[in-house]
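One structure below.
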Amino acid sequence: MLVLVLGLPVAALGAGHTAYESSMRTVHAQAVERHEVTARLTSDVLGDSRVSKRQAPIRWTERNGIVRTGTALVEPGTPEGAIVRVWVDRDGTVTSPPMNVAGAQANGWFVAGMAALGVALGVRAARAAMRLALDRRRYARWEAEWDLVEPQWSGRFRR
């Protein structure tokens, strides 16, 4: 019980805080590495309206004047020349948006919950293993004592 009462909160808080701090480092690194640009579609996006998004070619101009191309997920039926906002890294490669603070917090809470669950399950497994070992020992002693007593008991009823 002491491990459960003391260990569970310490493990959960420690793991959650570590995951949050790690995620916040990722948030800061990605915020520096990535920026959003306005791109234009270089062709019509054909396709079935049942499909949510399709890859389409895009073109944009970087801050330093370099024209770049790439692909982005766009709704079907979007015409050529339409404006699309995309995230790019330092090399000009289209990438996902940077992680935000809410994502870092969610990651911290998730890891904290999993650590708490792990400690609780570990304590439960240790309790079950200890109970099994003690029950085996008790049954072995009971068997040994019954081997001593049983001949006297069965002899009383044979008269």
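The values are calculated or read from the model by the stated rules, or taken from the named source; none is laboratory data. Nothing here was measured: the structure is a model prediction, and the numbers come from that model. Every residue, glycine among them, receives a Cβ derived from its backbone with ideal geometry; neighbour counts consider all protein chains shown. What goes into the accessible areas is simple: the full protein's heavy atoms, side chains included, and nothing from ligands, DNA or RNA. Shrake-Rupley method; radii C 1.70, N 1.55, O 1.52, S 1.80 Å.
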When the residues of the range 135-149 are filtered to those that are farther than 24 Å from V3 by Cα and of a type in the set (D, E, K, R), which remaining residue is most open to solvent (accessible area, probe 1.4 Å)?
R136
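Quick grid of which residues meet (1) open to solvent by 50 Å² or more (accessible area, probe 1.4 Å); (2) touching a residue at least 40 places away in the same chain (Cβ under 8 Å):
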| site | (1), (2) |
| --- | --- |
| N107 | yes, yes |
| M114 | yes, yes |
| L121 | yes, no |
| A125 | yes, no |
| A128 | yes, no |
| A133 | yes, no |
| P151 | yes, no |
| G155 | no, no |
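On the given criteria, is P79 open to solvent by less than 70 Å² (accessible area, probe 1.4 Å) and not small (G, A, S)? Explain how you work it out, then say what you get.
Numbers: open to solvent by less than 70 Å² (accessible area, probe 1.4 Å): no; not small (G, A, S): yes.
Criteria not met by P79.
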For A112, are the conditions met, namely being under 30 Å from L2 (Cα atoms) and in a helix (DSSP H, G or I)?
yes
Among (1) open to solvent by 50 Å² or more (accessible area, probe 1.4 Å); (2) part of a helix (DSSP H, G or I), where does S23 come up short?
(1)
Selection from the range 26-42 of residues within 21 Å of R85 (Cα to Cα), among the polar types (S, T, N, Q) and either modelled with pLDDT under 90 or not in a loop (DSSP other than H, G, I, E, B) (or both) yields Q30, T38
With the requirement that a residue be within 28 Å of A29 (Cβ to Cβ), polar (S, T, N, Q) and open to solvent by less than 100 Å² (accessible area, probe 1.4 Å), what does the range 39-68 give you?
T61
Selected residue [under 25 Å from the mean Cα position of the chain (by Cα) and modelled with pLDDT under 90] from V149, V101, V123:
V123
Given the conditions (1) surrounded by 12 or more Cβ atoms within 10 Å (Cβ to Cβ); (2) of a type outside the set (D, E); (3) over 28 Å from the mean Cα position of the chain (by Cα), which single one is not true for H17?
(3)
Single residue of the range 82-97 satisfying the filter (in a loop (DSSP other than H, G, I, E, B) and without any contact (Cβ under 8 Å) to a residue 60 or more places away in the chain) that is most open to solvent (accessible area, probe 1.4 Å):
R90
